[in-house]
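Everything on this sheet refers to the single structure shown next.
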Amino acid sequence: MKKRPILLVASLLLSSCGHNEHNYNEHTVSSVATEKTTIQTTAEITTTTTELMIETTEILPETDYFAPGQTHGSASYIDGTTIIISFLGYDPTNEWDYNNEEDSETIHQTLSYLETATDWITEQVKSYGAEAKFIYNWEENPDLIYGARFYEEMESETTQTYFSQRAFIDTNIDSDALLEKYNADNIIYMFFFNTDFSNSANPFTMPNPYHNGILYDKEIINIFVKFDDVYVTPPATYAHEILHTFGAHDLYYENDAITAEYVAYCNETGSRDIMFTVDSGDMITNILSEIDAYYIGLTDNSDEVEKWGLAECEYKNNP
Ligand SMILES: [Zn+2]
């Protein structure tokens, strides 16, 4: 397919999750899984290569502006059924080759990590009386995975890629039909890029539906499968990013919701909160804290949030 330059939309802000996502538990640095399992054949994965040429005005119509608090985005309450649409991302630097054994293993590993992450979340929220069901298995349901080709560099922690990804989704994915088919309440979009270790962009999520006047109504997660010389993006990061889509905040740096004092407290006490640090192995031993539970709408109040003067939950005044 002919390559054409894509019009870049303005870089708006650093995502709330991209920077400093280095807070890995150093004790369990993992290597690439050595499990050798065949994945589905190329033919079974729908590879959509629709070319994107999108003007800024087409991406951001007037109607996409909402007042703050009117929406929770495509992932609202975790108590319910959530479908995860996976995209194998292609850009000028990164490709997937199904015939390459290492790539095949990585693709299989992402599915395995999705299972570990979503099983862990489901288990954690049970104690709050919530039933979180995730439907993500593209081997069972081929309409849950697509190839997504972009003509701009997608290795980035900034939101400038968000609009291309959202446009790709709007053009190619009938989200409403998928929600109806799977009888689901929420939909999350996860893009996987086959980066090598030299990549320095960390996994990130666009979790806040409304930010700086722009509606980020589709909750999009970017996973760069390897980064920062040593890290294979582990299942704990998948879980961390998925929790963002339901409203959880990063706890490892000061931000709009979290004070510097609380970040310091987490450091001093060696917090195991999954929004503060993530295990880097194939297992998840982090915890879902009372604070996380509050932010994803599982509780109405949090003593810790009040004690530390942290922000209110997005569901508080907008159920
Ligand atoms: Zn984060």
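The values are calculated or read from the model by the stated rules, or taken from the named source; none is laboratory data. Computed from a predicted structure; not experimentally measured. Cβ atoms come from the backbone with ideal geometry, glycine included; neighbour counts cover every protein chain shown.
Residues in segment 288-300 that are free of Cβ contacts under 8 Å to residues at least 24 places away in the same chain, away from the ligand (no atom under 16 Å from the Cβ) and under 20 Å from the mean Cα position of the chain (by Cα): Tyr294 alone. For residues that are within 16 Å of Glu241 (Cβ to Cβ) and within 14 Å of the ligand (Cβ to nearest atom), scanning just segment 255-287, find the one that is modelled with the lowest pLDDT. Per the criteria, the residue is Asn255. Out of curiosity, is Thr195 polar (S, T, N, Q), in contact with a Pro (Cβ under 8 Å, 6 or more places away or on another chain) and within 25 Å of Ile284 (Cβ to Cβ)? In short, no. The residues of segment 210-240 that are at pLDDT 90 or above, part of a loop (DSSP other than H, G, I, E, B) and away from the ligand (no atom under 14 Å from the Cβ) amount to a single one, Val225.
Out of curiosity, is Ser302 touching a strand residue (DSSP E or B) at 6+ places or on another chain (Cβ under 9 Å) and among the hydroxyl-bearing types (Ser, Thr, Tyr)? The answer is no for Ser302.
Of Leu243, Leu251, all but one fail to be within 19 Å of Leu298 (Cβ to Cβ), touching an Asp or Glu at 6+ places or on another chain (Cβ under 9 Å), within 11 Å of the ligand (Cβ to nearest atom) and not in a loop (DSSP other than H, G, I, E, B); the exception is Leu243. Is there a residue in segment 171-184 that is within 14 Å of the ligand (Cβ to nearest atom), charged (D, E, K, R) and within 22 Å of Gly89 (Cα to Cα)? The answer is no, given that none of the residues of segment 171-184 is within 14 Å of the ligand (Cβ to nearest atom), charged (D, E, K, R) and within 22 Å of Gly89 (Cα to Cα).
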